[in-house]
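Read-outs throughout are calculated quantities, based only on the coordinates presented, and are distinct from any laboratory measurement. Worth saying up front: this structure is predicted, and the values here are computed from it rather than measured. Don't worry about glycine lacking a Cβ; one is built from the backbone with ideal geometry, like all the others, and counts go over all protein chains shown.
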Amino acid sequence: MPELPEVETIARTLASEVESRLILDVEVLDESAIAPEPGSFRERVLGRRIARVDRRGKLLLLHLQAAGGKDGGEIAVHLRMTGRVLALPPGESPVRPRVVLTLSDRGCGAMLLVFSDVRRFGRMLAFAPGGGPDSIDHWPFYRDLGPEPLLITAEEFRQRLAPRGKKSKARIKALLLDQGVIAGIGNIYADEALLRAGIRPDAVAGAISARRQDKLFAAIQAVLTQAIAENGSSIRDYRDAHGDAGSFQNHFRAYGRAGQPCLTCGAALRSLRVAGRTSTFCQHCQTA
Ligand SMILES: [Zn+2]
């Protein structure tokens, strides 16, 4: 599932292709892939200009502009398991297209923005502008997202792990995966950061010293920053907006390496279920 570095890479590769283009046509090939229903979806995006592409947590965001430069709302894409957003020349089609937006010529030919999704867990959502009930600010998932891990300080991170000053009894990995605590981290980068910080995934968050929480925060920032520089991790499905794979999977020390030797101490890595997810860790290098 694409996490922060993968969605950041998609946003960057998509931006250069689609920013400033108008949405001239909308083809919905799978009504369950969009919200709201096709009539309203079309009304919210047709004729709008894609002003800017960015990301919030694991959500890809296309900020739209209406006629006269007015706010035109947003398209949010939740990629989930196998969702892809691709910028393609007309005539090309990826596997399982769900939504196809035809974009205006920008002096370098027309362009298609295609949302494809083999397993159909992803969603493309159109929001109205203006802060009203149909705006993105009223979408509970978006409104409740925690802060961006690359934009906060170590002190803010410690506060997120101990809301209202209370020591959390939750497992540290469960908190890292909770998008309301901190946005954008999933199974891959949680395991990689915990191994680098020497903290077991099932450690009780409130029992981790401030010094080790700071070490974890530094590991999260380092892992995410390096993964962005490597254009994300391609294990199975993830590709950027040009269809290219990332390369951070070549730097994995934990994720998917259960049974293989720890790159620090040589012991076989173990796996464990935490927060319903398989977690890989080193029982020598990581402690509770
Ligand atoms: Zn080790």
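Rounded, prolate or oblate, given the Cα gyration tensor of the stretch 1-150, with a/c below 1.5 counting as rounded? Note, shape of the stretch 1-150 comes out rounded.
Put simply, the C-alpha atoms of the chain give a gyration tensor, and the ellipsoid matching it has half-axes of 37, 21, 15 Å, longest first.
Note on Ala66 and Thr225: the model spin-label points, each 7 Å out from Cα along the C-beta direction, lie 4.1 nm apart.
Relative to the Cα centre, the charge distribution of the chain, modelled as +1 at Lys and Arg Cβ and -1 at Asp and Glu Cβ, gives a dipole magnitude of about 1360 debye. For the stretch 136-190 versus the stretch 76-132, the inter-centroid distance based on Cα atoms is 28 Å. With a/c under 1.5 counting as rounded, go ahead and sort the stretch 133-253 into rounded, prolate or oblate using the C-alpha gyration tensor (a ≥ b ≥ c being the square roots of the eigenvalues; past the cut-off, prolate if a/b is larger than b/c, else oblate). Oblate is the answer for the stretch 133-253, as a/c is 1.5 or above yet b/c matches or exceeds a/b. Estimated from helices alone, the mean residue ellipticity of the chain at 222 nm is -7500 deg cm²/dmol (sum of -39500 (n - 2.57) over DSSP H runs with n ≥ 4, per residue). Placing +1 on the Cβ of every Lys and Arg and -1 on the Cβ of every Asp and Glu, with nothing else charged, gives the stretch 154-281 a dipole about its Cα centre of roughly 760 debye.
Amide H contacts of Phe121: Met81, Thr82, each under 5 Å away and 5 or more positions distant or on a separate chain (H built 1.01 Å from N in the peptide plane; Pro and chain starts excluded). Summarising the amide proton neighbourhood of Leu64: residues at separation of 5 or more, or on other chains, whose placed amide H is nearer than 5 Å comprise Ala51, Gly72, Gly73, Glu74, Ile75. Here's how it looks for Gly180: its modeled amide H is under 5 Å from those of Gly146, which are all 5 or more places away or on a different chain. May I ask you to derive the relative contact order of the stretch 218-283, considering only C-alpha pairs under 8 Å and at least 6 residues apart, and to give it as an integer percent? Over the stretch 218-283, the number comes to 20 percent.
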